[in-house]
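Colleague: First, the structure itself, so that you have it in front of you.
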Amino acid sequence: MKPAKEMIKPFSEYANMLKSFWCYAFAIYGVNMCTESHESRKKRIVFIALAITQLFIFFHYISCFIYTIALGFTVSGLSFYTSMLACICLSIFNLWTMNRRKVAMTKLLDESISYLSGHPECTKRLWRYSFIPSIGLFAMTIAEALFSSAEVFTRDNAGICNYTTIYFFKISFADKYLYIARILIGVEFIVSVLICVGFVNISVWFFNHMCHLVFYRFKHLNMKLEELFRSGKQLSSFHLAEYRAQHQLACQVTVELSCLWSPLIVVWIFGFILGLCFDIRALKVEFPTLFLITFLADIFRQLWLIVGLFKAASLVNVEAHKLAVKLVTFPISKSALTDADQMEYYVNYLLLSERLVNTRIGINASGLFLLNASSFLSMAGAVLTYVIVLFQSL
C-alpha cells in the first residue's frame, strides 16, 4: 500500500539524474557537458563528423537555393528550401557557440543545481520538466523526418525527376536508377532533420532548464522573506542585508546566464520567426500531403520552443521583482529599532527597494531587450501581421 505522500528520492540522486540527462543528451552530438570527465577522443570525433555533415548539407542547400532562384521559382516555391536552410544555419551557429562555451555552461549548470540541495521537490519537478518535453520534441523530430522521407520514397517517377532537377542540378536519371535518387534525397532529409533540428531542440530546452534553475533560486529566496511578512514580525537590518546579498548573487547568476546565451537567444528568435513565416507560406503552396503534414509539425515544434523560451525567461523576470510592491508598502515600526540600527536599516531598505523597483532584472538578448511577456507580445504581433498580410494577398 502506497503512503499518502509520495516518497522523494534524495537530492543527490535527482541532481545526478539531471546532470546525467544533459550530459548524455549533448554527448550524442559530441559536446561534452560533464565536469567529472575530460572530453574523450570519441566525442571529438563525433563532434567533427557532425560538424562536417552539417557544413556539407549547408553548402548543398545553399547551392540548391541559388540554383532554384536561377530557374525563376517564386518566393512561395522557395519556402521549403528557405525553411530548411534557416534551420541548418541555426544549428551550425548553435553547435559552434555551445562547443566554445561548454565549460562555462557546465559550471553554471552544476552550481545552479547544487544551490537547490535542500529542495528535493524542486529538483524532482525540474527533472520532469527536462525529461518529458525533451521526449516530446524528439518524437516530433522523428515524425518530421519520417513524413518527409516517406513522401520522397512514395513519390511517383515524375515527382522524383522534379526533385532531381533541383537537388542534382538537372542531372537526369534513367527510370531504373531513380531509386538511387530517392535514397539520396530521403537520407539527406532524415540526416538534416535528426542532426540539425534535433540539436536545436535540445539546446533551446537546455536553456529553458537553466532559466528554471534561476527562477527557483529567486523563488526560494522570496519565500523566506514572505514568511516574515506573514508572521507580522518587524524586518531587521540583518534580514534586509541577507536578502539583498542573496538577491545580488541571484542577479549575478542571471547576468551570467544572459551573457553565455545572448548571441544564441537572438539567433534562435530570428531563426524561429523566419522559419515560421516560410512554413506558413508553404501551407498555401500545392505541396504533397505528407510535406504539408511535415510543415504543420515544424510550425508546432517552433511555436513550442519559442513559447517555452519566452515563458521560462519571463518567470525569472517576474520572480525577481515579485516582492517589490510588498517591500515598498511594508510598514516600518521605528519603535522596534534602536537608534544605532536605524541608519543601517534605512540604507539596506532603500538599496533593496531601489533594485527591485527601478532596475530591470531578467534574461536579456545581447542587451537588446528583456525576454518577458511584453517582448513576446511584440514578436507575436509581428508574426500575426505577416500572416494576415499573407492570407489577404493570396
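Colleague: In the stretch 287-329, how many are open to solvent by less than 20 Å² (accessible area, probe 1.4 Å), modelled with pLDDT under 80 and out of contact with any Asp or Glu (no Cβ under 8 Å at 6 or more places or on another chain)?
Modeller: Counting residues in the stretch 287-329 that are open to solvent by less than 20 Å² (accessible area, probe 1.4 Å), modelled with pLDDT under 80 and out of contact with any Asp or Glu (no Cβ under 8 Å at 6 or more places or on another chain) gives 2.
Colleague: Here's a follow-up. Going by the conditions given, is F147 hydrophobic (A, V, I, L, M, F, W, C), surrounded by fewer than 19 Cβ atoms within 10 Å (Cβ to Cβ) and within 28 Å of A49 (Cα to Cα)?
Modeller: no
Colleague: Where residues in the stretch 88-113 are surrounded by 17 or more Cβ atoms within 10 Å (Cβ to Cβ) and of a type in the set (G, A, S), which of them is nearest to I48 (Cα to Cα)?
Modeller: S91
Colleague: Same structure, new question: Taking interchain pairs and intrachain pairs at least six residues apart, which have beta carbon atoms under 9 angstrom, with the first residue in the stretch 153-174 and within 16 Å of F291 (Cβ to Cβ) and free of Cβ contacts under 8 Å to residues at least 12 places away in the same chain and the second of a type in the set (V, I, T) and exposed (fewer than 10 other Cβ atoms within 10 Å of the Cβ)?
Modeller: Matching pairs, first to second residue: none at all.
Colleague: Further, regarding this structure: As an exercise: evaluate A245 against (1) under 23 Å from G118 (Cα atoms); (2) in contact (Cβ under 8 Å) with a residue 12 or more places away in the chain; (3) not β-branched (V, I, T) and give the number of the one condition it does not meet.
Modeller: Only one criterion in (1) under 23 Å from G118 (Cα atoms); (2) in contact (Cβ under 8 Å) with a residue 12 or more places away in the chain; (3) not β-branched (V, I, T) is unmet by A245, namely (2).
Yes or no, residue by residue, for (1) at negative phi; (2) acidic (D, E); (3) modelled with pLDDT under 70; (4) open to solvent by less than 80 Å² (accessible area, probe 1.4 Å):
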{"site": "S333", "(1), (2), (3), (4)": "yes, no, yes, yes"}
{"site": "A336", "(1), (2), (3), (4)": "yes, no, yes, yes"}
{"site": "D339", "(1), (2), (3), (4)": "yes, yes, yes, no"}
{"site": "Q342", "(1), (2), (3), (4)": "yes, no, yes, yes"}
{"site": "N364", "(1), (2), (3), (4)": "yes, no, no, yes"}
{"site": "F376", "(1), (2), (3), (4)": "yes, no, no, yes"}
{"site": "V383", "(1), (2), (3), (4)": "yes, no, no, yes"}
{"site": "S393", "(1), (2), (3), (4)": "yes, no, yes, no"}
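Colleague: When V200 is evaluated against the numbered criteria (1) modelled with pLDDT of 90 or more; (2) surrounded by fewer than 17 Cβ atoms within 10 Å (Cβ to Cβ), which criterion, by number, is the only one it fails?
Modeller: The number of the failed condition is (2).
Colleague: Among the numbered criteria (1) at pLDDT 85 or above; (2) of a type in the set (G, A, S); (3) within 30 Å of G186 (Cβ to Cβ), which single criterion is violated by S112?
Modeller: Result: S112 fails condition (3) only.
Colleague: Being of a type in the set (A, V, I, L, M, F, W, C) and farther than 25 Å from L116 by Cβ narrows it down to one of V285, V204, so name that one.
Modeller: V285
Colleague: Considering only the stretch 249-286, state which residues are within 25 Å of T82 (Cβ to Cβ), open to solvent by 10 Å² or more (accessible area, probe 1.4 Å), of a type in the set (D, E, K, R) and touching a residue at least 60 places away in the same chain (Cβ under 8 Å).
Modeller: R281, K284
This table checks each residue for (1) under 30 Å from F56 (Cα atoms); (2) buried (at least 21 other Cβ atoms within 10 Å of the Cβ); (3) of a type in the set (K, R).
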{"site": "Y177", "(1), (2), (3)": "yes, no, no"}
{"site": "E188", "(1), (2), (3)": "yes, no, no"}
{"site": "L213", "(1), (2), (3)": "no, yes, no"}
{"site": "M223", "(1), (2), (3)": "no, no, no"}
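Colleague: OK, next. Which one is modelled with the lowest pLDDT among residues in the stretch 53-76 that are open to solvent by less than 20 Å² (accessible area, probe 1.4 Å) and not polar (S, T, N, Q)?
Modeller: C64
The values are calculated or read from the model by the stated rules, or taken from the named source; none is laboratory data. Computed from a predicted structure; not experimentally measured. Here the Cβ is made from the backbone with ideal geometry for all residues, glycine too, and neighbour counts use every protein chain on show. For the accessible areas, the whole protein counts, side chains as well, though only heavy atoms, and no ligand, DNA or RNA atoms are used. Shrake-Rupley method; radii C 1.70, N 1.55, O 1.52, S 1.80 Å.
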